[in-house]
Amino acid sequence: MSSDSLPYFLVFARIRGVGPVRLRKLIAHFGSLEAAWRAEPFDVVRAGMDEKSVGAIAAAQRSLDPQREMEQVTAAGLRAFCWDDAEYPALLRHLNDPPPVLFVRGALTESDRVAVAIVGTRKATAYGREVAAMLSGELARRGVTVVSGLARGIDVVAHEAALAAGGRTVAVLACGAEQVYPPQHAGLAKRIEAAGAVVSDYPVGAPPEPANFPPRNRIISGLSLGTVVIEADVRSGALITAEFAAEQGRDVFAVPGNIFSTASRGTNRLLASGAVPLLDVDALLEHLNLRSSGARVDASRALPIVDGPFSAAERDLLLRMTHEPASVDELVRQLSVPAEQVIGLLVMLELRGAVRQAGLNRYALTAP
């Protein structure tokens, strides 16, 4: 927890209704969150906050203490990273409005930049469990981190299979990261902590309220290069994760299922809507342009390919770039495609070593 501004991110994380957009407004107006925290209500109004937000900030100023929040994070056995921390996950940072603070139990490593989300229904069939175990175990053996939500059904199978294969896995919670939900997965969470990370954007002590789960799903997809939906009914939370992945410019994969099974209605609908049909791990790795060596990876994990081939969209973007930094907005204008798609391409090209970040939302070619 290295950022000087982190204590102030922690107190603002306690204030309902003050999320990424309003935090950016406060920072832009006051120059720092510390200055915003110490500001008088009249000045907070001038920063563009509505009456409800001004009242919530004033109440927090009277009841919360930044240093005490830091102490609570440490006492809970967590680490916390905000936007301006170097250890904040790179894939998450690329989102339009990434969570201002991420709480971590265990450790996120550089190798977790190569990650795939495996999600699905809590009411998994034997077929769904078998597929989840096969895909997650094989991904882990290839050095790919498996990300999921620690829920019953497909999520638990994905975490368990990754651990059994000796790989890394990340569990994203809809409550404080020092807790476990559902509670019967506490033992699994401890094993994930030892071989990966348990993460959340909710502060210490936050309960697993129903409204917390959709935003949690956005983090699952945001930490991943692609999202695989194995089984899901039409109202499944896994489909929300898939929607977030698509909005983030990340690939969405769906495992075909029995057309008579309610557990496959959502996944089959995803396929009809354009999700990539997933039949095996090699096809997944090839689609993501990841090296698909079958050798077991330990310290030397599977890395993105840097020598091609590039997709047509990647080539089109690279041809518009030079060694001089260009902003994402400039590239969007040149390509006439949605910003989310350009950002997704840049993320992949950066991971493959073809482009580099050259400042906030600016990119350049890395080699002739």
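Every number in this text was worked out from the coordinates using simple rules, so none of it is lab data. In this text, all values refer to a predicted model and were calculated from it rather than measured experimentally. In this analysis, Cβ positions are derived from the backbone assuming ideal geometry, glycine residues included, and neighbour counts consider all displayed protein chains.
Extension gain, residue 25 to residue 194, is 57.0 nm, computed as 0.36 nm per intervening residue step minus the present C-alpha separation. Where both residues lie in the chain, what percent of DSSP beta bridges are antiparallel, nearest 5? Just about 40 percent of them are antiparallel.
Applying the Karplus relation 6.51 cos²θ - 1.76 cosθ + 1.60 with θ = phi - 60° to segment 102-107 yields 3J(HN,Hα) values of 10, 9, 10, 10, x, 8 Hz, where x marks Gly and Pro. Subtracting the Cα-Cα distance of residue 324 and residue 339 from their residue separation scaled by 0.36 nm leaves 3.4 nm.
The angle separating the long axis of helix 66-75 from the principal Cα axis of greatest extent in the chain is about 40 degrees. Each residue of segment 134-203 gets 69 Å³ once the volume of the Cα convex hull is shared out per residue. For the pair residue 234 and residue 282, a Förster radius of 35 Å applied to the C-beta separation gives a FRET efficiency near 0.75, rounded to the nearest 0.05. Packing around the peptides 227-237, 209-219, 46-56, taken as the average count of other Cβ atoms within 10 Å per residue, puts them in this order, highest first: 227-237, 209-219, 46-56.
Rounded to the nearest angstrom and listed largest first, the equivalent-ellipsoid semi-axes of the chain from its Cα gyration tensor are 33, 26, 19.
Rounded to the nearest whole angstrom, the semi-axes of the ellipsoid equivalent to segment 101-140, taken from the Cα gyration tensor as √(5λ), stand at 25, 14, 8, largest first.
Between residue 313 and residue 364, what is the FRET efficiency for a Förster distance of 25 Å, r being their Cβ-Cβ separation, to the nearest 0.05? Efficiency computed from Cβ-Cβ geometry: 0.85. Enter the angle in degrees (range 0 to 90, nearest 10) between the Cα long axis of helix 20-30 and the first principal axis of the Cα atoms of the chain, meaning the one along which they spread out most. The angle comes out at about 40 degrees. Close amide H partners of residue 254, meaning residues 5 or more places away or on another chain with modelled amide H under 5 Å apart, are 229, 276, 278. Stokes-Einstein at 10 °C, 1.306 mPa s, Kirkwood radius from Cα pairs: D for segment 1-55 in µm² s⁻¹? Rounded to a whole number, D works out at 141 µm²/s. Applying the Karplus relation 6.51 cos²θ - 1.76 cosθ + 1.60 with θ = phi - 60° to segment 270-279 yields 3J(HN,Hα) values of 4, 4, 5, 8, x, 5, 6, x, 10, 10 Hz, where x marks Gly and Pro. Seen against the Cα atoms of the chain and their longest principal axis, helix 213-222 is set at about 70 degrees. Each peptide in 127-136, 149-158 receives the mean, over its residues, of other Cβ atoms within 10 Å, and ordering these scores from highest gives 149-158, 127-136.
Distance between the pseudo-spin-label points of residue 127 and residue 67 (7 Å out from Cα toward the beta carbon): 6.1 nm. Taking each residue as 0.36 nm, the span from residue 258 to residue 54 lengthens on full extension beyond its C-alpha to C-alpha distance by 68.2 nm. Label-to-label distance, residue 96 versus residue 46, with points set 7 angstrom from Cα along the beta-carbon direction: 3.1 nm. The value for segment 140-261 of Rg(Cα) / (2.2 N^0.38 Å) is 1.02. Relative contact order, whole percent, for segment 176-266 stands at 25, derived from Cα pairs under 8 Å and 6 or more residues apart.
Computed FRET efficiency, Cβ-Cβ of residue 38 and residue 211, R0 35 Å: what is it to the nearest 0.05? Efficiency for this residue pair is about 0.70.
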